[in-house]
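The values are calculated or read from the model by the stated rules, or taken from the named source; none is laboratory data. This one's a predicted model, so the numbers in the text were calculated from it and none came from an experiment. Neighbour counts are summed over all protein chains in view; Cβ atoms, including those assigned to glycine, are modelled from backbone coordinates with ideal geometry.
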Amino acid sequence: MWLNVAMRLSLILASIGLFVMPGFLISASFPFWQEQGLKPLVGAEWFPYEGLFGMLPALVGTLWSVGLALVIAVPMAVAAAIMTSEMAGKKQRNLIRFGMELLSGIPSVVYGLIGLWLLLPWLQSSFNLLSGHSLLAAGILLSLMVLPTIMVMAEDAISGVALEQREAAANLGLDWSDRLFLVLLPQAWPGIRAGILLASGRALGETIAVMLVVGSMDRIPDPLYNLLEPAQTLTSRIGREIGEAAFGSIHFSALIACGFILAIISVILSLVAHTNQRVRV
Amino acid sequence: MSRFSRSFWTRVLILVLAAPAIIFPAGCLFYIIMQGIGAWEWSMFSIGGNQKSFGMSSGIWPQITGSLILMLGANMLALPVATGLALYHQLSATTRQRILMQVLLQLMQGIPPIVYGLCGLVVLVYMMHWGVSVLAGQVILAVVILPLLVLNTVHAIERVDRGRTEAAKSLGLSHTAIIRRVWLPETWPALLTGLLLGMARALSETAPILFTATVFSGVVWPDSLFSPVTSLQSHIFYLAQEGGNDQARGMAWVSAIILITLISTLSIAATMLRRMEVTHEHRF
């Protein structure tokens, strides 16, 4: 009896939360959409005090930093996963796995410190930059942060390939590299893919570390592949400006709209990740 | 050249690619620890007297307790709701409801914490007039860790042998009895693991509490649930903003290793419990 009441109560509480959150996101960003329409999505100028709210620089910056993080992290993480699951002994495997779990526990603000006081000076001196604040710095830092996520999921996927498949491949006389590329990786791909999508969601929403190293300059990289200049991402903009925007102002509403866009992108990402998994399994 | 097969070169390639994946993160951890130890001063922990670091006359203790208050509060709020949801999922939900719950929880897990922070800012801080407060931070962190706790509990219960649950049901045991006599004895290590991971997660989140619960300094002990706190996470952030000053840097590194120590203690405990659960399962 009390059990049922308790279950219902938590269900009600959770569903209120579920409706309240998107509801308030929409209603708080509504004045902004009402005033600006969809124009900000393609606008390049962000000057809140002059009523200019172009989101393109932040969108481009977000895309670049996430893409860069994946390009750096995925090959390394998958290789490391192959190494631990196929080449290392059980003891080493446990050790590496343990290390990865420990690393994924390092809070983002600490990565931010490393970025700020180790990575930026290094970038500054090696590329002869003014400050080192750049999309490249954000990408490198994010790749460090998502590496454990991809690696742990890829390792699970690879070591989860059925023994029969492995034995069949070995009986066919395939050598090690053929077994890897023709059997193991294709079989493990859905899991690896889910790991990559999960990691891109994480990189997308990462705030503090990115905010400390990206430079927070609303400029579209010029030329588009110039990653060495200060830039802006959606999260770094929210983090930088939410403190100074007055509640109820159009600026505040614009920042909530940025959060709303973030939420939509991440929902799409996790839908893609999980749908694919379910179909394959 | 022909002495080495293709497989050999593939192995070499993989090792070369994998090496940085091990070396760089390990190097980072090492660097943090070295910096932290280098800057470590016991006076940072002395209560009263020492005015060296930004008016923090009581050392770093307010930050540590602030982090712990936020973390414990978040878990205390999330745990009952998570347990209720997981039990509903297992005991009363229809198949369609189960799938819906699972999908929604996974979506929730994918939404960036800063978005929860924004929602909390609008609803709790401004609309409900809680202001920048401990309670707002706790509620937001509770929402952030809720999906993790629910999914963990659901998976733990699903790992219980279905035959046992069916047997218990056919013996006419009530739901309460099934939970107490069948599920709890077998799942408690997994449940505890989930709780520890939730605690670790709550400690490592910075963005959602930065503008809803914490201030830089001036708070030693929050007077009520509606007053702001200081926390290790946000303290590190503010010090990083402070920049050049060596004192600030040292303090930031020391705060960082304290935070990492807290978090890894929790996650190591979780890993050990998980191992224990594995051996526990093998007994049957």
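Summary of computed values
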{"item": "Selection from region A:170-194 of residues that are within 13 Å of another protein chain (Cβ to nearest Cβ), in contact with a helix residue (DSSP H, G or I) (Cβ under 8 Å, 6 or more places away or on another chain) and of a type in the set (Gly, Ala, Ser)", "result": "A:170, A:177, A:194"}
{"item": "Criterion (more than 22 Å from residue A:225 (Cβ to Cβ), in a helix (DSSP H, G or I) and in contact with a Leu (Cβ under 6 Å, 6 or more places away or on another chain)) met by exactly one of A:79, A:58, A:73, A:69", "result": "A:79"}
{"item": "Test result for residue B:17, within 25 Å of residue A:8 (Cα to Cα), in a helix (DSSP H, G or I) and modelled with pLDDT of 90 or more", "result": "no"}
{"item": "Filter result for residue A:260 (assigned to a helix (DSSP H, G or I) and of a type outside the set (D, E, K, R))", "result": "yes"}
{"item": "Residue that is farthest from the other protein chains (Cβ to nearest Cβ) [pool: residues in region A:227-236 that are surrounded by fewer than 24 Cβ atoms within 10 Å (Cβ to Cβ) and touching a Phe, Trp or Tyr at 6+ places or on another chain (Cβ under 8 Å)]", "result": "A:228"}
{"item": "Check on residue A:134, hydroxyl-bearing (Ser, Thr, Tyr) and in contact with a Phe, Trp or Tyr (Cβ under 9 Å, 6 or more places away or on another chain)", "result": "yes"}
{"item": "Top-ranked residue in region B:178-235 [being assigned to a loop (DSSP other than H, G, I, E, B) and among the small types (Gly, Ala, Ser); ranked as farthest from the other protein chains (Cβ to nearest Cβ)]", "result": "B:224"}
{"item": "Residue satisfying all of: in region A:86-100; part of a helix (DSSP H, G or I) and either more than 25 Å from the chain's Cα centre (by Cα) or on the phi > 0 side of the Ramachandran plot (or both); nearest to the other protein chains (Cβ to nearest Cβ) among these", "result": "A:87"}
{"item": "Some residue of region A:116-128 being surrounded by 22 or more Cβ atoms within 10 Å (Cβ to Cβ), closer than 25 Å to residue A:262 by Cα and either within 11 Å of chain B (Cβ to nearest Cβ) or over 19 Å from the mean Cα position of the chain (by Cα) (or both)", "result": "yes"}
{"item": "Total residues in region B:119-155, condition without any contact (Cβ under 8 Å) to a residue 12 or more places away in the chain and among the aromatic types (Phe, Trp, Tyr)", "result": "1"}
{"item": "Elements of type helices (runs of 4 or more DSSP H) contained in region A:148-226, each with 1 or more residues being surrounded by 22 or more Cβ atoms within 10 Å (Cβ to Cβ)", "result": "A:185-205, A:208-214"}
{"item": "Only one of A:115, A:105 that is under 30 Å from residue B:239 (Cβ atoms), of a type outside the set (A, V, I, L, M) and at pLDDT below 85", "result": "A:105"}
{"item": "Qualifying residue in region B:144-162 (condition: assigned to a loop (DSSP other than H, G, I, E, B) and over 24 Å from residue B:270 (Cβ atoms))", "result": "no"}
{"item": "Which numbered condition residue A:7 fails, given (1) facing chain B (nearest Cβ under 7 Å); (2) under 30 Å from residue A:209 (Cβ atoms)", "result": "(2)"}
{"item": "Neighbours by Cβ (under 7 Å, 6+ apart or cross-chain): first from region B:257-269, within 10 Å of another protein chain (Cβ to nearest Cβ); second crowded, with 20+ Cβ neighbours inside 10 Å and not in a helix (DSSP H, G or I)", "result": "B:259/A:107; B:260/A:106; B:263/A:105; B:263/A:107; B:264/A:105; B:267/A:105"}
{"item": "Test for residue A:15: is it within 11 Å of chain B (Cβ to nearest Cβ), hydroxyl-bearing (Ser, Thr, Tyr) and either under 23 Å from residue B:76 (Cα atoms) or not in a helix (DSSP H, G or I) (or both)", "result": "yes"}
{"item": "Residue in region B:104-124 that is among the β-branched types (Val, Ile, Thr) and more than 10 Å from every other protein chain (Cβ to nearest Cβ) present", "result": "no"}
{"item": "Hey, residue A:28 modelled with pLDDT of 85 or more, under 23 Å from the mean Cα position of the chain (by Cα) and surrounded by 20 or more Cβ atoms within 10 Å (Cβ to Cβ) or not", "result": "no"}
{"item": "Residue in region B:71-83 that is over 19 Å from residue A:269 (Cβ atoms), away from chain A (no Cβ under 13 Å) and not hydrophobic (A, V, I, L, M, F, W, C) present", "result": "yes"}
{"item": "Pair list, Cβ < 8 Å and 6+ apart or interchain, from region B:99-118 residues that are crowded, with 22+ Cβ neighbours inside 10 Å to residues that are in a loop (DSSP other than H, G, I, E, B)", "result": "B:112/A:206; B:112/A:207; B:113/A:207; B:113/B:205; B:114/A:207; B:117/B:211; B:117/B:212; B:118/A:242"}
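One line per residue, one yes/no per condition, for (1) farther than 30 Å from residue B:142 by Cα; (2) of a type in the set (Ser, Thr, Tyr):
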| position | (1), (2) |
| --- | --- |
| A:5 | no, no |
| A:15 | no, yes |
| A:21 | no, no |
| A:31 | no, no |
| A:41 | yes, no |
| A:47 | yes, no |
| A:57 | yes, no |
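Conditions (1) touching a Gly at 6+ places or on another chain (Cβ under 9 Å); (2) surrounded by fewer than 17 Cβ atoms within 10 Å (Cβ to Cβ); (3) within 14 Å of chain B (Cβ to nearest Cβ); (4) more than 30 Å from residue A:151 (Cα to Cα), marked per residue:
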{"residue": "A:36", "(1), (2), (3), (4)": "yes, no, no, yes"}
{"residue": "A:49", "(1), (2), (3), (4)": "no, yes, no, yes"}
{"residue": "A:68", "(1), (2), (3), (4)": "yes, no, no, no"}
{"residue": "A:71", "(1), (2), (3), (4)": "yes, yes, yes, no"}
{"residue": "A:79", "(1), (2), (3), (4)": "no, no, yes, no"}
